[in-house]
Amino acid sequence: MENISKGLSLKSKLLLYSLCISLIPIAVISSVYYVNAKSYKKKERLDSLTTIASFKKMHIESFIDAKKRRIVDFSSDGFIRDNLEIINQGDMQSNAVHRLNKHLKLNKKPLDTSIDEIMIVDLSGKIVASTCNTLMGRDISGHDAFSDVVNIDYADARVSRSFALPGLVSKCIFISAPLVSRSDVEKLGIIINAYDLDALGGIIANYTGMGETGEIIVGQKMEDKVLFLNPLRYASGTALSLSIPLDNPGVKYMKLALEGKSGTVIARDYRNASVVSAYQSIPQLNWGLIAKIDETEAFASLRIIGIIAFCTAGISSIIVIVAVYFFTMSISRPISRLKSAAGKFRSGNLKYRVEINRDDELGDLAESFNIMAHDLCEETDKLNKSLLRHEETNLQLKSANKARSGFLSSMSHELRTPLNGILGFADLLKGQYFGKLNDKQLEYVNQIDYSGTHLLDLINNLLDITKIDSGKVDLVFADIPIKQILKTSVNMMSKQYIIDGLIKRNRITMRINVDPKLDVVRADERKFKQIMLNLLSNAVKYSPNESEVLISAMKTGDLYTRFEVHDSGIGIEEDAIDSIFNEFYQVDRVRDEELGGTGIGLALTRRLVELHGGKIGVESVLGKGSTFWFTVPLAETCMKEPEGMNRNKLMIRNISEDKVVLAAEEVSND
């Protein structure tokens, strides 16, 4: 195929590709159209049947609810209750029965034309009053119209599962409600309204919107059969005249409806005909309802849709073939000229322009090509000039950064030399080797020692930040016992004058909590101690009296070890959290400086954590405390150092019992 394509002219290729591009979508679109139309039609029919089934279900439920309200209304009739109470007592019984029968016939039955008969039953199940004389005196205690209602509360009603009653010729729906005395204390009996089943059939027999083969079926489970409650469209007989075993495939989905389920399906009905059905449950009556229509009628329009899709695709294909031919002939030549111009432009001739001799879209394309070439030439010139400016700026920035680093490094060394001398002499004075000092003198000497140490820490931190920023830091990784290094860090807090004083004065306790699964951490020991000391000193500074600082270590997933330092101090405002790790940032400058803060401790801590390949953050609630956390990878994350890099090694020199001075010495890799 590739070899054939190489031998074709531009016109032939355009013709071939245009036909493929046009005809394939026509075929696909026609197929998709038919499939979608079929799917839509099926969904439309199923949705329509579902809507009809839901409407019929709602109509039936409304009918039954209305009849329940009617029987409850009858049960509240004081005349009925008074006379039934007289009948139950045996006093003037015949008169009370006569009055009650007359009241039911003249005042109650006319209120609802769908009522077939009304019966009043005493607590023994005997009919004591009725609109039908043949029912008088009958015992219906075994009928569920009595047994299901005799023990329910007043103002409630039940629908019978049976549709026949001895003495009644017609099949009825029996709805019952209890009768109680006017004091609502004593139960007197029940009242039963019998509604002709044909009243329900009138609701179901309306097949509007269901075509010529549509049908509504309502069924009820009777032992191991389905009893149809309405006359069927395709079966002779009246309501309740047809029942089918539950295991018959024709009533499979009626069985599902009787089990409380609902849905739509294409299946066989009781005639063994393929139908589209929607089935629903009527739970309050334990009935099932199916709305169905023959599949041949439901999808009769799909054949017409298929013919339309096929004809449309054929006509469209012919039109496309003719149009593509003329289109190819009209554009192949100017496309060839544009191709030639693009080749020259690609070869670097940005001054070349396409000759415009058309007024249609191809002419617009040629003009756009020329405009693009002109704009590209201008943008190329601007880009070259901008690159030159950026190169000059970068050189200036590199020079400025180098000068800053050199200045800070030089100044730190120049300042530390006399500062170490001051600290040494202050230490000698504190030791009182040349004579005893009074309390005031000792206070001043301690202040000199503290101020010098504070300044030395500031210089060391600045130098560390400068070295980290310039990439002149080398981490020496080792497996460090976690509990040991945390205890060492806590013990080293006593070497800091202000921090030790705060711990003792405020009675602050420190507690270490290490995950038993953790043993060692892979880190640079000196840098790790520096991280912990910075976080611990911050926690102590802002902790209230008699509070606790909690140091925790835990494993997070399979990649990191997480360390936390939690205090119950003053907390940090939400808008300050994002800036807390910036150089020289202080939330409250006066308060922080009184506590010995410099504003660079957390900035240095962040850089040291990031050098280890970890992250640092803080979670804080104002007035409740803060939790500073950082992570260290379980595997070693190291940086390659350039050859000839100088590294700072810290030497510890003991000057007195409780004073440690850190001195920096430049050590070359050579």
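The values are calculated or read from the model by the stated rules, or taken from the named source; none is laboratory data. Since the model is a prediction, treat every value here as computed from it, not as a measurement. Counting neighbours? That spans all protein chains shown, and the Cβs are built from the backbone with ideal geometry, glycine included. Each accessible area value is taken on the protein alone, full model and side chains, heavy atoms only, with ligands, DNA and RNA left out. Shrake-Rupley method; radii C 1.70, N 1.55, O 1.52, S 1.80 Å.
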Legend entry - Inter-label distance for T627 and A27, nm, one decimal - labels placed 7 Å from Cα along Cα-to-Cβ: 6.4
Inset, instruction - On the full set of protein chains, 1.4 Å probe, figure out the accessible area of D519 and give it in Å² to the nearest 10. - result: 110
Inset, instruction - Counting other Cβ atoms within 10 Å, keep those with at most 15, restrict to DSSP loop, and tell me which GluC sites (Glu not before Pro) in segment 59-137 are left. - result: none
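Rounded to two decimal places and with Rh computed the Kirkwood way over Cα pairs, what is Rg over Rh for segment 93-241? Each step should come with its number before you reach the end.
Details: Rg = 17.5 Å, Rh = 16.9 Å.
Expressed as Rg/Rh, it is 1.03.
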Legend entry - segment 67-173, Cα convex hull volume normalised per residue, Å³: 100
Inset, instruction - Subtracting the Cα-Cα distance from 0.36 nm times the residue separation, let me have the gained length for Y433 to H390 in nm, one decimal. - result: 9.2 nm
Legend entry - Cβ-defined net charge surrounding C172, 12 Å radius [Lys, Arg +1; Asp, Glu -1]: -2
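Protein chains only, probe 1.4 Å: how do V149, V72, V322 rank by accessible area, largest first? Don't skip to the end; give the middle numbers.
On the way: V149 0, V72 40, V322 80 Å².
Solvent-accessible surface, decreasing: V322, V72, V149.
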Legend entry - Relative pair counts by distance (%), Cα atoms of segment 164-318, 10 Å bins: 10, 30, 26, 15, 10, 5, 2, 1, 0
Inset, instruction - Just flag the GluC sites (Glu not before Pro) in segment 196-261 sitting in loop per DSSP whose Cβ has no more than 10 other Cβ atoms within 10 Å. - result: E212, E223, E259
Inset, instruction - Using 0.36 nm per residue of separation minus the Cα-Cα distance, give me the extension gain between M222 and Q89 in nm, one decimal. - result: 43.9 nm
Inset, instruction - Determine the order of W287, W629 by accessible area, beginning with the largest, at a probe radius of 1.4 Å. - result: W629, W287
Inset, instruction - Largest first and in whole Å, give the semi-axes of segment 207-257's equivalent ellipsoid, each being the square root of 5 times a Cα gyration tensor eigenvalue. - result: 20, 13, 9
Legend entry - Rounded to the nearest 10 Å², the accessible area of K171 at probe 1.4 Å: 90
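With a 1.4 Å probe and all protein chains kept in place, how do R161, R70 rank by accessible area, largest first? Mind showing how you got there, number by number?
Details: R161 120, R70 70 Å².
From most accessible down to least: R161, R70.
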Legend entry - Cα centroid of segment 100-126 to Cα centroid of segment 510-562, whole Å: 87
